[in-house]
Amino acid sequence: MIVTAALAAATLGLWLVTKAASAKQASDMNASIAIAGTSADVARQALEIVERAYLTVDPRGINPWSTEPAMVGHVTIRNAGRLPARDIRWHAKIKLSAGKEESDFPLDDHWLKGNHVLARGTDMIQGTEKMPNSALEHCRDAEWFIYVWGIVRYTDGFGEDCFTKFCHRYPVMPETIERRVIAREYARFHEHGNDAERPRQQKPPNASI
């Protein structure tokens, strides 16, 4: 009887120890899986940051409209990333303003046009609507600037929707009024209207997508 009771107690103790060890092993395994998942997410995020498409928009000058007495602002949209940028849609606007402090640059997705693809290191030139030459006639006696602004939307090679907002400022000079041309070297990136999407936040392991 005593031997049987002792054997039962020993068996129960062994079972409890084994159960505790199994629980700890399962807990450690779950922790390892969580760490591996987090590491994989971090590695994937780093890969996307390095390999993604990224569009920049540079000024390309104010130039005469080819068939009418008008001007147009040109921009260069370039893929500075590695993967092709797809579903590229854009719009660009132009206006005159007195002074350097202009901050009203409306954007509207209804104005978007195009459906382009840009491979790594390639670019395309696009332009604004035309602005009549007569708009410059009242600019002779004050400090005026021409603003070219807009937005480019695209997907970055990983299925993420991205955007680049741009705003370029050109000084209206005497030769501008006569020739209706401002070289791109005179353009400045304005303090308003330039932006891009923020880096994507890392999702915790097992977060819903």
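Computed from the coordinates by the stated procedures, all read-outs in this text should not be read as laboratory data. From a predicted model like this one, the values you see are computed outputs, not experimental measurements. Glycine gets a Cβ as well: all are built from the backbone with ideal geometry, and neighbour counts include every protein chain shown.
Averaged over residues, the count of other Cβ atoms within 10 Å places the peptides 134-144, 84-94, 61-71 in the sequence 84-94, 61-71, 134-144, highest first. Note on Arg184 and Asn63: the extension gain reaches 42.6 nm, defined as 0.36 nm multiplied by sequence separation minus the Cα-Cα distance. Placing a pseudo-label 7 Å from each Cα along the Cα-to-Cβ vector at Asp161 and Ala142 gives an inter-label distance of 3.9 nm.
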